[in-house]
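Asks: Take a look at this one; I'll ask things after.
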Amino acid sequence: MLRITEQRESGPGAVVLRLEGRLAGLWVEVLNASCRQILAREQRCVVIDLTGVTFIDADGKAILSRLWGEGVTLRASGCMTKCVVEEITGVGRIDSASRKSEGTTRS
């Protein structure tokens with residue numbers, strides 16, 4: 001099960017997708033469809049918040065990688081999601097620690 005909640009952040013006006021649950025199987029396509037809809041109507045930054053994600057399979061990693069390549073910001077906390085985001089973005093542990101106060105990873 002994957003829950004996707006769309007929120008708007010103040011400041012730069014980013015659209016945030018907060019994910020909770022497992023990013024695996026059919027839920028990967030649900031995230032893809034949600035992102036396509038938002039990216040089609042928004043001119044603002046999109047952030048995917050992975051703090052509530054408990055598992056990411058290979059297809060989940062692939063869609064996150066593709067979305068990151070398209071300019072989406074990935075936000076992670078916790079060992080597993082931080083590791084996945086570091087793998088996708090190429091940002092090392094030292095860089096992640098220095099960005100801890102920002103809470104996001106985007107190169």
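Asks: What is the local net charge at residue 26, summed over the other residues whose Cβ is closer than 12 Å to its Cβ (Lys, Arg +1; Asp, Glu -1)?
Replies: Net charge around residue 26: -2.
Asks: Quick one: if you stick a label point 7 Å off each Cα along the C-beta vector at residue 87 and residue 8, how many nm between them?
Replies: Each label point is offset 7 Å from its Cα along the Cβ direction, giving 3.6 nm.
Asks: Kirkwood Rh over Cα pairs of region 1-81 into Stokes-Einstein at 4 °C, 1.567 mPa s: D in µm²/s?
Replies: Diffusion coefficient, whole number: 103 µm²/s.
Asks: Starting from the Cα of residue 26, step 7 Å along the direction of its Cβ; do the same at residue 39; then give the gap between the two resulting points in nm.
Replies: Going by the 7 Å Cα→Cβ label model, 2.4 nm.
Values quoted throughout were computed directly from the atomic coordinates according to the rules given, and no laboratory measurement underlies them. Since the structure is predicted, the reported quantities are computational estimates derived from the model, not experimental observations. FYI the Cβ positions are ideal-geometry reconstructions off the backbone, even for glycines, and counts take in every protein chain you see.
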